[in-house]
Amino acid sequence: MSGGAGGEGRIAALLGSREEAVLDRWTALVAENVRGRLTERELRAELTELYGLLARVHDDADGTVRGELRAALAEMSRSRARQGFSPSETAVGVFAVKQAVLEAVEESGDTEAYREFARFSAFVDDLGLVTFETYAAEREQVIADQAEQLLELSTPVVKLWDGILGVPLVGTLDSARTQIVMESLLQMLVETGSEHAVIDITGVPAVDTEVAQHLLKTVMAARLMGTDCVISGIRPQIAQTIVGLGIEFGDIVTKATLADALAYALDRSGVSVVKAV
Amino acid sequence: MSREPAGGELPIASHDDVVRVRQLARSLAAAAGMSLVDQTKIVTAASELARNTLVYGGGGTARVERVERPSPRAGARAGVRIVFSDDGPGIPDVDQALAEGWTSGGGLGLGLPGARRLVDEFDLDTEPGRGTTVTVTKWCR
Amino acid sequence: MDRVPILKIGSVLLVSIQVDLQDQTVLALQEDLADRIVRTGARGVVIDITAVDIVDSFIGRMFATIASMSKLMDAETVVVGMRPAVAITLVELGLSLGGVRTALDLEKGMRLLGAPVPGVS
């Protein structure tokens, strides 16, 4: 297959001899597309690197150049994804090299090069697909990162008092989120040396069996660690769910409101709150 | 980058071997990028099952390996798989052995059902007189 | 086989587990503790598992056994320093350690037993 990808040599020779012209044309074609979002200079630097690799693909016996080419494309595609380019804009940037080369072939009038062009074209199409794949993977990653950040934002563990931590949960609880909150709560208990925690679910509209089980397990795990966990703000619907599902909350302390739970935890930690007359 | 620990097959012939199985499971789970909680779960399951192999199976082996499966997200999802095998008496009544609270050896019967709860995949292959093979897998979340 | 050392601080026996426990070590510790409680007339036992990264059903059962055993000899047992990952795993495993008292760290455990805290005057 060596040499096949970049043509039988005519196109490779052309890429070498007409470098300036082809590269100029390629840059100009892509620049139309990305105007304002990427400077001409940045673009030129990127394309020069790709061009250099493209020109060497012909002599690529062991596939190193092809590997480098794919890596360079993947890199370009990743940065485009981060900059908010669409995947077609990115791919078209690669496909544009075909037009630039075709124009050079036409100018040269070399019929042999024309024949090779079909293979060159197919090769570039493959490269375009690489950018598509990388682009999609990168966007997935961006979405995953954001989901994780959102999760962290929505699951705060706060200090209510010396030795008392609070977790005010708001919104729909799914199993994954509950698990993450619970783990970070237990970790915080250790880090801060707190012996009491209040999990407040006033802002939670509903729970399913799995979430209720996670809450329960957290309280049990907190107990094994020598700490005391109170659940507050159980809405009537949730109370019904818990009873309906037959989940045994046993001797777990629950309070109607966060204030009641805090008062309970304060009392347990030996703090009494009195009004200054 | 640190060197990836290699999986492998360990004999289970003594209580020290049980500890070695735990340690190998731990290093592979950590290298696979598992959360601390998940690491602890697979290591604890490994401990329960290795003890079963030793005490009820009369000894055997544990093969600990890193596994991967395709993920809808970029790249593959890593995990750890452990296969416990023995040529012991086998388990005559599997349903009973997997039922909560059942034990054949003076314990509280948490061995098999407990280990099953700690992993994502659990497979029990046994026949009276032909030994027992338990395969467990835990995936990174 | 390693033996876990047992320290005596006032009327409390302190066991700090620093090794990867194997079953025989666990059984030996149970015996050693029973022996030491009787010989020293200790009123409390603190088992510090801050350094322990897994507790399986065998080790968990040891805590319960030591707790009920020491109770018979009029000593109270507190397990301290259980890591979150270990606690979550124990709950999942189905072990509740009924009858075993727990505390967040050594200092709080000693205080629970009404004992002077080592290193703190």
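The values are calculated or read from the model by the stated rules, or taken from the named source; none is laboratory data. These figures come from a predicted structure and were not determined experimentally. With ideal geometry, Cβ positions are generated from the backbone for all residues, glycine too; neighbour counts draw on all protein chains shown. Note: areas computed on protein heavy atoms with side chains; ligands, DNA, RNA excluded. Shrake-Rupley method; radii C 1.70, N 1.55, O 1.52, S 1.80 Å.
Quick notes on this one:
Per-residue answers, yes or no, for (1) within 41 Å of the chain's Cα centre (by Cα); (2) assigned to a helix (DSSP H, G or I); (3) under 14 Å from A:Val30 (Cβ atoms):
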site: A:Met76; (1), (2), (3): yes, yes, yes
site: A:Phe85; (1), (2), (3): yes, no, yes
site: A:Ser88; (1), (2), (3): yes, yes, yes
site: A:Val92; (1), (2), (3): yes, yes, yes
site: A:Val97; (1), (2), (3): yes, yes, yes
site: A:Ala100; (1), (2), (3): yes, yes, yes
site: A:Glu103; (1), (2), (3): yes, yes, no
site: A:Glu107; (1), (2), (3): no, yes, no
site: A:Tyr114; (1), (2), (3): no, yes, no
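- Pair list, Cβ under 7 Å, 6 or more apart: segment A:21-33 residue over 15 Å from A:Glu107 (Cα atoms), other residue of a type in the set (A, V, I, L, M, F, W, C) and surrounded by fewer than 19 Cβ atoms within 10 Å (Cβ to Cβ): A:Asn33/A:Val92
- Test: residue in segment C:60-79 that is within 12 Å of chain A (Cβ to nearest Cβ), in a strand (DSSP E or B) and under 12 Å from the mean Cα position of the chain (by Cα): yes
- Restricting segment A:53-69 to residues that are closer than 15 Å to A:Leu127 by Cβ and surrounded by fewer than 18 Cβ atoms within 10 Å (Cβ to Cβ), the residue that is modelled with the lowest pLDDT: A:Gly63
- All conditions but one from (1) surrounded by fewer than 19 Cβ atoms within 10 Å (Cβ to Cβ); (2) more than 26 Å from C:Leu95 (Cα to Cα) apply to A:Glu210; the one that does not is (2).
- Residue within segment C:111-119 that is free of Cβ contacts under 8 Å to residues at least 60 places away in the same chain, within 13 Å of chain A (Cβ to nearest Cβ) and either open to solvent by 10 Å² or more (accessible area, probe 1.4 Å) or on the phi < 0 side of the Ramachandran plot (or both) present: yes
- Check on B:Thr40, within 14 Å of chain C (Cβ to nearest Cβ), touching a residue at least 40 places away in the same chain (Cβ under 8 Å) and open to solvent by less than 10 Å² (accessible area, probe 1.4 Å): no
So that you can scan it fast, the table gives a plain yes or no per residue for (1) away from chain C (no Cβ under 12 Å); (2) surrounded by 12 or more Cβ atoms within 10 Å (Cβ to Cβ); (3) over 20 Å from C:Gly94 (Cβ atoms); (4) modelled with pLDDT of 80 or more:
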residue	(1), (2), (3), (4)
B:Asp95	yes, no, no, yes
B:Ser104	yes, yes, no, no
B:Gly107	no, yes, no, no
B:Gly114	no, yes, no, yes
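- The set of residues from segment A:235-277 being β-branched (Val, Ile, Thr) and either open to solvent by less than 50 Å² (accessible area, probe 1.4 Å) or closer than 23 Å to A:Arg223 by Cα (or both) comprises A:Ile238, A:Thr241, A:Ile242, A:Val243, A:Ile247, A:Ile252, A:Val253, A:Thr254, A:Thr257, A:Val271.
- Within segment A:183-211, the residues that satisfy the criterion of being more than 14 Å from every other protein chain (Cβ to nearest Cβ) and among the hydrophobic types (A, V, I, L, M, F, W, C) are A:Val198, A:Ile199, A:Ile201, A:Val204, A:Ala206, A:Val207, A:Val211.
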